[in-house]
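The values are calculated or read from the model by the stated rules, or taken from the named source; none is laboratory data. Just so it is clear, the model here is predicted, and its values are computed rather than measured. FYI the Cβ positions are ideal-geometry reconstructions off the backbone, even for glycines, and counts take in every protein chain you see.
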Amino acid sequence: METQYYTLVEKQDFYEIIENKYGELALFIDARPGTPVDPVLEFDGKQTALLRRDERLAVRFDNIDPETKNILAEREFVMIVELTGEIVERVYGVPVENVESIFILGRQGRADEIIKARNKAEIMASFGAVKSWTGGEHK
């Protein structure tokens, strides 16, 4: 089981959801480094969604507009548009999974990301280690 210091939770302050004339939804967000791997958007049917972008990074969206929540809950897919300013960095489709609640391990951080540590050094840095001791028998 993962513990709190394995992930960093950050919340997106600004995002935009648009609907086209065909009823398709697009979610405009800040660009992230790297290519998404098997991304999925989890939605709790209320005010919160979580884009699980890959095994290390997720983006959290709070305060989803009440009018949008019913439309989002009915969609099977949404388009994600990642922007750097006004420049489109990447566009990709993600399935929408309706969940009872959004489960996030970690602590609130800068904006909207959840980043999982990959190795011992990253875990120690996330944990805030200042000293380390070893024990046990050496062979």
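Only residues that are surrounded by 12 or more Cβ atoms within 10 Å (Cβ to Cβ), of a type outside the set (D, E, K, R) and modelled with pLDDT under 90 were counted across segment 87-107, and they come to 4. Against the numbered list (1) at pLDDT 90 or above; (2) not in a loop (DSSP other than H, G, I, E, B), GLY45 comes up short only at (2).
Among the residues of segment 22-66, those identified as acidic (Asp, Glu) and in contact (Cβ under 8 Å) with a residue 24 or more places away in the chain are GLU24, ASP30, GLU42, ASP44, GLU55, ASP62, ASP65. Listed conditions (1) in a loop (DSSP other than H, G, I, E, B); (2) farther than 17 Å from PHE14 by Cβ are all met by ASN70, apart from (1).
In segment 62-83, the count of residues that are of a type in the set (Gly, Ala, Ser), in contact with a strand residue (DSSP E or B) (Cβ under 9 Å, 6 or more places away or on another chain) and at pLDDT below 90 is zero.
Is it the case that some residue within segment 111-124 is basic (Lys, Arg) and at pLDDT 90 or above? No.
In the set LEU41, LEU83, only one residue is surrounded by 14 or more Cβ atoms within 10 Å (Cβ to Cβ) and more than 11 Å from the chain's Cα centre (by Cα); that residue is LEU83. Is it true that VAL88 is β-branched (Val, Ile, Thr) and touching a Phe, Trp or Tyr at 6+ places or on another chain (Cβ under 6 Å)? No: the conditions fail for VAL88.
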